[in-house]
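Remarks on the structure that follows.
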Amino acid sequence: MGKGLLIVFTGNGKGKTTAALGMAMRAAGHGLRVCFVQFIKGGWRYGELEAVKRFEGLIDLHVMGKGFTWKSDNIEEDARLAREAWEFACAAIASGVYHTVVLDEFTYLLHYQMLELEPCLRVLADRHPDQHVVITGRYAPQQLIDAADLVTEMQAVKHPLKGGVKAQQGIEF
């Protein structure tokens, strides 16, 4: 009936994770299982973590990172954690349990060369043909864009931060 899609939400604008969460909730609304892996969100308390709890048994959310990696004091430790998170994501993809697997902020691991691109592309290409994978983050490499079935680039046109408005609960987190 359908084909598993590789979907990429990239660009400098806001909304990449939000779009992926919307897809996860849409799938869960149809009773389909989703694995949502957040690679670098870290220890903040995000509203989506609370919202996803309402989909217990349908959306499995795993916060694997420890924060904003590009500001790290220990890049070797971050790279180790990134590799462990990728191994976890590979197991989720291969498990056959999930209709959709979301790799949130995954492009940063590629951009900062914490993971090699080619082996990642092989895992994505070799997944079950009905399984959807959604990848978010800035700096999506061209090879990933070429491999994807759907790519949306979020473009920042205007943001309240430029006017001095700080991040707000329910909007940014």
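Below are the figures for this structure:
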| item | result |
| --- | --- |
| Number of Lys pairs (Cα under 27 Å; 8 or more positions apart or on different chains) in the chain | 29 |
| Estimated [θ] at 222 nm from DSSP helical runs (n ≥ 4, -39500 (n - 2.57)) normalised by residues in the chain, nearest 500 | -10000 deg cm²/dmol |
| Efficiency of FRET from Cβ geometry, ASP130 and GLN169, R₀ 41 Å, rounded to 0.05 | 0.65 |
| Area projected by the alpha carbon convex hull of the stretch 6-163, averaged over all directions, nm² | 9.6 |
| Point-charge dipole on Cβ atoms (K/R +1, D/E -1) for the chain, about Cα centre, debye to 20 | 660 |
| Spherically averaged projected area of the stretch 116-173 from its Cα convex hull (nm²) | 6.1 |
| Nonlocal amide H pairs with VAL151, under 5 Å, H built at 1.01 Å | VAL8 |
| Charge dipole (the chain, unit charges on Cβ, about Cα centre) - positive-most of ILE7, ALA91, TYR112 | ILE7 |
| Amide proton proximity set for VAL133, modelled H, under 5 Å, gap of 5+ | LEU5, LEU6, ILE7, VAL101 |
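Read-outs throughout are calculated quantities, based only on the coordinates presented, and are distinct from any laboratory measurement. Fair warning: this is a prediction, and the values are worked out from it, not measured in the lab. Please note: Cβ atoms are built from the backbone with ideal geometry, for glycine as well, and neighbour counts cover all protein chains shown.
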